1. Among the residues of the range 142-154, is there at least one that is at pLDDT below 90 and out of contact with any helix residue (DSSP H, G or I) (no Cβ under 8 Å at 6 or more places or on another chain)?
2. Between a residue in the range 373-390 that is within 12 Å of residue 414 (Cβ to Cβ) and any residue that is part of a helix (DSSP H, G or I), which pairs come within a Cβ distance under 7 Å, given they are 6 or more apart or on different chains?
3. Kindly indicate whether residue 249 is under 24 Å from residue 306 (Cβ atoms), in contact (Cβ under 8 Å) with a residue 40 or more places away in the chain and either buried (at least 19 other Cβ atoms within 10 Å of the Cβ) or outside the structural domain of residue 408 (by TED's automatic domain parsing) (or both).
4. Tell me yes or no: at least one residue of the range 352-367 is crowded, with 17+ Cβ neighbours inside 10 Å, touching a residue at least 12 places away in the same chain (Cβ under 8 Å) and assigned to a helix (DSSP H, G or I).
5. Going by what's in this entry, would residue 431 be described as at pLDDT below 95 and closer than 19 Å to residue 302 by Cα?
6. Look at the range 326-344 and say how many of its residues are touching a residue at least 40 places away in the same chain (Cβ under 8 Å) and either part of a loop (DSSP other than H, G, I, E, B) or under 24 Å from residue 292 (Cβ atoms) (or both).
7. Testing residue 285 on (1) more than 33 Å from the chain's Cα centre (by Cα); (2) crowded, with 20+ Cβ neighbours inside 10 Å, one condition comes back false. Which one is that?
8. Taking the range 403-417, which residues are touching a residue at least 12 places away in the same chain (Cβ under 8 Å) and part of a loop (DSSP other than H, G, I, E, B)?
């Protein structure tokens, strides 16, 4: 037996009661084609794919219209093989006869095998199940399996079918939108948990120093940016702290920042420091970066076990600020600042010895804290403006977390809104 050739109709011939004339290509068929063409030209036309083994005997009636009054285009398929060929992206709804046999007899005792096959074949399309009158249980089961609605074959008329198609299409759109929203929320929750897990937990057990940090990524709705920081205490009692900034603000930069932070911690716990550590960290950056123009600035400090002295290394990074009782807050020396990581192969980073004293607060920060705008002329806050701001806040009695929160908040307010750059601030305190 020859394979049936699938047909596409603007208005099914059986709808007009003129099946014979339409099959012979008479004036009704030509008129239907012109109606479908005009409807498509004026906007999107609903397209229905009818799947049943006897389309000519279909109960579909005339005047099958969409919400705008345009004729609904109907394609007919006598089996699932034809349906698969006719199932293009412009099909909005499928009307499936549940009595149709499953392909290759694969359904067995499953009365809804053909429906499940269609749902797998067309997961993005609305599906209406067509069943016999009195078989409501089978129709309800079809809806439970995934159809948008069910209709009785011998109770079908044009108005009912038109309404059912519109309802099914809109319900499918609503279900799809709801599913995508739920999936988006789930992905956002997973991303937030992942990003929170990538933020550092300082290892300072046994240290007398107090630690505080403030982190604010520049990317909207992100928890992690290209800035990174960490602090650990090694077995000899030395406290090591670092802060860094990968150029750029996207997820790739955030991932690279995490890699550099983890590498720094591992190298520090392995006993490296100063120039040796930064040189190895540069090798990590060069290997992991996606582009040769990517670089990172880094500031590291290693505070002696007695808390009175520290070694400082700067790789293209702003110098920390130190505040001590009876003295105004100031920046630590930065004359021996080395280049940012990733700029110069074989670069060196001198380690400067700094006297801290008996009681002090040391603040490490990224340039996001100093590059915000101030005033209406677009001038940047800069290091001098930041130092003045911290001096005033210290004079107001702000310390620790409260000081960092006030500093970041004021910089944001001076900028006139959210900062576009990542901001990370770390504060280490030693009290008398």
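1. yes
2. 373/415; 374/385; 374/414; 381/411; 381/414; 386/369; 389/407; 389/410
3. no
4. yes
5. Working: at pLDDT below 95: yes; closer than 19 Å to residue 302 by Cα: yes.
Here the answer is yes, as residue 431 does meet what is asked.
6. Qualifying residue count, the range 326-344: 5.
7. Exception for residue 285: condition (1).
8. First, pick out the residues of the range 403-417 that are touching a residue at least 12 places away in the same chain (Cβ under 8 Å): 403-408, 410-412, 414-416.
Residue satisfying the conditions is 416 alone.
The values are calculated or read from the model by the stated rules, or taken from the named source; none is laboratory data. None of the values given here were measured: they were computed from a predicted structure. As a convention, Cβ positions derive from the backbone with ideal geometry for all residues, glycine included, and neighbour counts pool all protein chains shown.
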